[in-house]
1. If we keep just the residues of region 81-101 that are assigned to a strand (DSSP E or B) and out of contact with any helix residue (DSSP H, G or I) (no Cβ under 6 Å at 6 or more places or on another chain), which is surrounded by the most Cβ atoms within 10 Å (Cβ to Cβ)?
2. Could you check how many residues of region 1-34 are open to solvent by 60 Å² or more (accessible area, probe 1.4 Å) and either closer than 25 Å to GLN178 by Cβ or of a type in the set (Lys, Arg) (or both)?
3. List pairs: first residue in region 88-100 and under 17 Å from ALA67 (Cα atoms) and in contact (Cβ under 8 Å) with a residue 24 or more places away in the chain, second residue open to solvent by 10 Å² or more (accessible area, probe 1.4 Å) and assigned to a helix (DSSP H, G or I) anywhere in the structure, Cβ distance under 6 angstrom, at least six positions apart or on different chains.
4. Does ALA75 satisfy the criteria of being modelled with pLDDT under 95 and open to solvent by 20 Å² or more (accessible area, probe 1.4 Å)?
5. I'd like the full set of residues that are of a type in the set (Gly, Ala, Ser) and not in a loop (DSSP other than H, G, I, E, B), limited to region 111-130.
6. List the residue pairs whose Cβ atoms are under 8 Å apart, where the first residue sits in region 171-192 and is under 15 Å from ILE2 (Cα atoms) and part of a helix (DSSP H, G or I), the second is at pLDDT 90 or above and open to solvent by 50 Å² or more (accessible area, probe 1.4 Å), and the two are 6 or more positions apart or on different chains.
7. Step by step: first the residues of region 35-55, then only those that are open to solvent by less than 80 Å² (accessible area, probe 1.4 Å) and without any contact (Cβ under 8 Å) to a residue 12 or more places away in the chain, then the one that is farthest from ALA89 (Cα to Cα). Which residue is that?
8. Against the definition (surrounded by 13 or more Cβ atoms within 10 Å (Cβ to Cβ) and either over 25 Å from LEU99 (Cα atoms) or in contact (Cβ under 8 Å) with a residue 60 or more places away in the chain (or both)), how does VAL144 come out, yes or no?
Amino acid sequence: MIRLATAADADGIAKIYQPIVSGTAISFELVVPTVAELERRVASTASFAPWLVYASLDDQVLGYAYASKHRDRAAYQWSVDVAVYIDEAHRRQGIGRELYTALSALLRVQGFYAAHAGITLPNAGSVALHESLGFRPIGIYRGVGYKLGSWHDVGWWQLSLRERDAEPAPPLSVAKAQRDASWRAVLAQRTT
């Protein structure tokens, strides 16, 4: 089941994210965030854009995906950055694809035009997932991050969410978008 994350999901999110932070360069965070910090992040992100979890029948968080501001300047308001993380024991089961498909649909309802994903390279699995969903490579930041004793490149991929309008309306908040029947339909399709 895919649903909007709540504060109660922070522990499940932490169980997925903490080993990624502590043992890989997939995330450039150097300090493992606490459950309380992840709870704060879910709450602060959730008013701007969706933070989704993929939950098992017993409500265990198996993966999550979210969107955040691409940049703070006003002209970037139609663009988001996206990320997806899956529990190690549940990777390669289509959970990432399901989460990103739902996330992209909800971002379209909100009125966003482009989603961007940064991927620490090399990461063939993540690149393959993003490209299979329509993300296209747009550039590489060479040696942009130092972690675990090495400098790492980050590749950037972009997904066009809609055709560009000459006069775009501002994106809807999550609260306003949730009133739209198409928002509810996206989540209803993924709750069975």
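1. VAL82
2. The total comes to 5.
3. GLY96/LEU129
4. In short, no.
5. ALA114, ALA115, ALA117, GLY118, ALA124, GLY125, SER126, ALA128
6. ARG184/GLN178
7. SER44
8. It is true that VAL144 is surrounded by 13 or more Cβ atoms within 10 Å (Cβ to Cβ) and either over 25 Å from LEU99 (Cα atoms) or in contact (Cβ under 8 Å) with a residue 60 or more places away in the chain (or both).
The values are calculated or read from the model by the stated rules, or taken from the named source; none is laboratory data. Keep in mind that this is a model prediction, so the values were computed, not measured. We place every Cβ from the backbone using ideal geometry, glycine too, and count neighbours over all the protein chains shown. Areas reflect the complete protein model, heavy atoms only, side chains present, ligands, DNA and RNA absent. Shrake-Rupley method; radii C 1.70, N 1.55, O 1.52, S 1.80 Å.
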